[in-house]
Amino acid sequence: MSKIDQTAALIQVERPSRYLGGELGSICKLDAGIEVRMALAFPDVYEVGMSHIGFPILYNILNSLNWIAAERVYTPWADMEKWLRDNQQPLCSLESSRPLAEFDIIGFTLQYELSYTNLLGMLDLAGIPLRREKREAIAPLIVVGGPCAFNSEPLADFFDVALIGDGEEAIVELVELVRQAKQENWNRKQLLQKLAAREGFYIPSLFDVSYQSDGCIDKIIPLQQGYDKIRRRFLNDLETAPFPTRPIVPFMQTVHNRIALEIARGCTRGCRFCQAGYIYRPVRERSPEKIRALVSESLHNSGYEEVTLLSLSSGDYTCIEPLLQELMAEYAADKVSVSLPSLRVGSLTPELMEEVKKVRKSGFTLAPEAGSERLRGVINKGISAEDLLETTRNAFQFGWRLIKLYFMMGLPTETDTDLQALIDLSGQVKRSGKGTGGNDVNVAVSTFVPKPHTPFQWEAQIGIDETLRKQRILRDGLRQKKLRFKYHGAESSFLEGVFARGDRRLSTVLERAVELGCRFDGWRECFDFSKWQQAFSDCDIDPTWYLRQRDEDEILPWDHIDCGVPKKFFLSERRKAFAGTETLDCRDGICHGCDVCDFAELRMRLTDSEQKNVVNLPAEKGTMVDDTEELTRVRLKLSKLGRARMVGHLEYLKMFQRAVRRAELPIRFSQGFHPMPKISYLEALPMGVSSEAELIDLELFRHVPVEQVIDRINVQLPDGFKIVEGEVIPWKSSSPSAAVASSCYRVPLPEPVPEDLHERISNFLNADQIIVSRLKKGLEKKIDIRPDVLELCQVGTELKIELVKGSPLQVAANLLEMEVEDIRRLGVRKTGLVLKESLSG
């Protein structure tokens, strides 16, 4: 095994915890007995990828097999990519620091078209040729999956296999075949042929595509007999599907840093623009009993403070009200909130809103999608203005102060009259909150991008100029009504549209864009449209051609991918859209013939709608002193060594809070709307400085022997953190920061040691003041560091510093005439504390 040590990079990049690994719940297997290694690759930064629900499901399924090791890798940010290239280092996995090129399989999830350059950039950083035909036989098998795999043609020259549909069962078949291929010495062609015989595996090399003179596809030609359509994989029953209850708990704040539990998969509302609504059919719900069990285990193993109940429309879950009430009641005393991220007008009863309002939320989000009744009929949204306004009135009355509205512009048949209706409806929403104490409204409008496998897959997408014109109309109209307006960039929506319905000819553009430096195209601060324009020009491809309207009899690039819903159904829905005809939700018993269900194994699976009794809300603990409490204050000393020194201060606080939750200690909480555990810490340690002496105070409402406190927390701490001692202290003792008189540090001296070091030390100690510059929030600030230095001397090959407060890095940098960042790389450590004589405040 090759294990690459890239620790040196961590001290030089902006957010080192992106690359640390070693999080609680992560799994690093030894080489012994491992027959297949798979890297699960997310083509975006760590904090985005760690928020994706599909990744941990596959990670745990794979690692439950004793002969496979599944590890993770994410796109490095620009500073880390530069370090890797400058130091000629390969991209490695988080768990074992193994180079990606040494894995048997690399599996990329395709969630968004604007992540495609990140995927190619990751292959390049791994030293793997981008194009399939240029790779050697021993190269990793490149696999893609996720919603964009339903039209992965722009990437078809770069990957070996696409997994189409639900992955829980198919991923196991994939690794089993790779294992068999290794055991029986199959070549790559034999492996791909075996995969092609399994449902849900698309092998692009087994198809050829020819084009007409006008650019349209002439034929999609299968190169293996009987392999002309790839049917999507279906997971028949969500109830029995595996779900990870030992989630990976990140050090850093991720986009969704909480337990995300999938309560249902699929949606049958039939919104004609929504790809997810068609490619995830049919609806399959988990039972309330299963959900409660999964929540309980996940909270116990993670220490999270929030649970979110996920589905495409959580409000449509059959037993959502009693489930939400029971979960909130059960975890109220533990200060755990329960939230619903996807709420739909029409599914929001006053009773449900009564429960949702208890959750700590800054805004109430609704998605009318279109402003006029006519246009909502075209897209089959199925809600009226009256429904929306009744919901927003209730929301304001229940105490929300902010409503967030999501719309699309550029929808089929849209006119400026529809845009004015959007403006007017948003204004009505604002007025619906009049007299309730708050009526703030944010309006977010994205550009409609036609997606494959939807009734609107044939429609034209508006171009950049038309997008900008419509945005001006909306901006001016919404401003007059004192409404905040947010929108997607016209150029990025344009590019998304090109690749959403693109074909194989776009591979050359992607390759050229990566050469030009395109990365993180979904990030506004990174997106450079001029580079994309150059890439299209260099490849002699007109991108606007891909935004045109398609003919109904035209061969589409994804026609050989069977999502389960036939093309004839989409055509029927398209015609109903232009006729203004509604298609009702089939969960109400009306089958519209979308052909997904076989009504035996594959069918809609809804939970029993019988309402259950709601448990009573238990008395909250830790918020007040009563006769049963035994108030106890415990002071702990913690060491923070190795890679743990790269965990930032706020990340360290959150990590420790969650460890205390998992240890199930009787911690007290503050009162108020945002109750916080009563834990006190020392001031922040500089990034990259290790410590043998961090102090932490816990306030407990019941006595627990100190030895038990230490043991229970240490079991829950990630590698590098350890409680080394503890004691019970008087209840009214000073805080850790107030209790410390000074802190002691050691700084390894660089080679060669300055010959005049002793003279420098003497001059420093004899000086009345030492003024240095420090950047704070982007502003330079002059500070005097001399008064805080109590001791400064050389001890062997190290510098010993004792400080009242402040950073040892600046003292050492001034003394050694080095940059602070260079001092940080030396391995500075905190060795001890000098406490004030009295613990009491």
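For G564, the residues 5 or more places off, or on other chains, whose built amide H falls under 5 Å of its own are R232. Can you spot the lysines whose alpha carbon is less than 16 Å from K290's alpha carbon? Ignore those fewer than 8 places along the same chain. Excluding near neighbours in sequence, the set is K612.
In a reduced charge model with +1 at each Lys and Arg Cβ and -1 at each Asp and Glu Cβ, the chain shows a dipole moment near 1320 debye about its Cα centre.
Taking other residues whose beta carbon is less than 11 angstrom from the beta carbon of R504, and scoring Lys, Arg as +1 and Asp, Glu as -1, yields -3. For the range 291-396, the share of accessible area belonging to carbon and sulfur comes to 47 percent (1.4 Å probe, ligands and nucleic acids excluded). When restricted to Cα atoms, the range 70-199 yields an Rg and a Dmax of 14.7, 44 Å, respectively.
Ignoring ligands, DNA and RNA, what percent of the 1.4 Å accessible area of the range 667-800 is carbon and sulfur? Looking at the range 667-800 in its full context, I get 50 percent from C and S. Rolling a 1.4 Å probe over the protein heavy atoms of the range 107-180, with every protein chain left in place, gives an accessible area that is 49 percent carbon and sulfur. Ignoring solvent entirely, what values of log10 I(q)/I(0) come out of the Debye formula for the range 1-65 at 0.17, 0.27 Å⁻¹ when each Cα is a single scatterer? Relative scattering, expressed as log10 I(q)/I(0), comes to -0.79, -1.39. With a cut-off of 9 Å between beta carbons, the residues surrounding R132 carry a summed charge of 0, where Lys and Arg count +1 and Asp and Glu -1.
Rolling a 1.4 angstrom probe over the protein heavy atoms with all chains in place gives the chain an accessible area of 42 Å² per residue. Report, in listed order, any pair from K219/K568; K29/K531; K381/K568; K357/K678 with a Cα-Cα distance greater than 31 Å. In this structure, K29/K531 lie more than 31 Å apart at Cα.
Each of E289 and R231 was given a label point 7 Å from its Cα along the Cα-to-Cβ line. The distance between the two points is 3.2 nm.
Note on the range 698-813: lysine pairs with Cα distance below 30 Å, sequence gap of 8 or more or different chains, count 12.
Note on the range 58-200: dipole from Cβ charges, positive end direction compared against F158, A69, N187; the farthest Cα belongs to N187. Across the alpha-carbon atoms of the chain, the computed radius of gyration and Dmax are 29.5, 89 angstrom.
The values are calculated or read from the model by the stated rules, or taken from the named source; none is laboratory data. Every value quoted in this text rests on a predicted model; they were computed, and no experiment measured them. Neighbour counts are summed over all protein chains in view; Cβ atoms, including those assigned to glycine, are modelled from backbone coordinates with ideal geometry. In case anyone asks, the SASA skips ligands and DNA or RNA and just uses the protein heavy atoms, side chains included. Shrake-Rupley method; radii C 1.70, N 1.55, O 1.52, S 1.80 Å.
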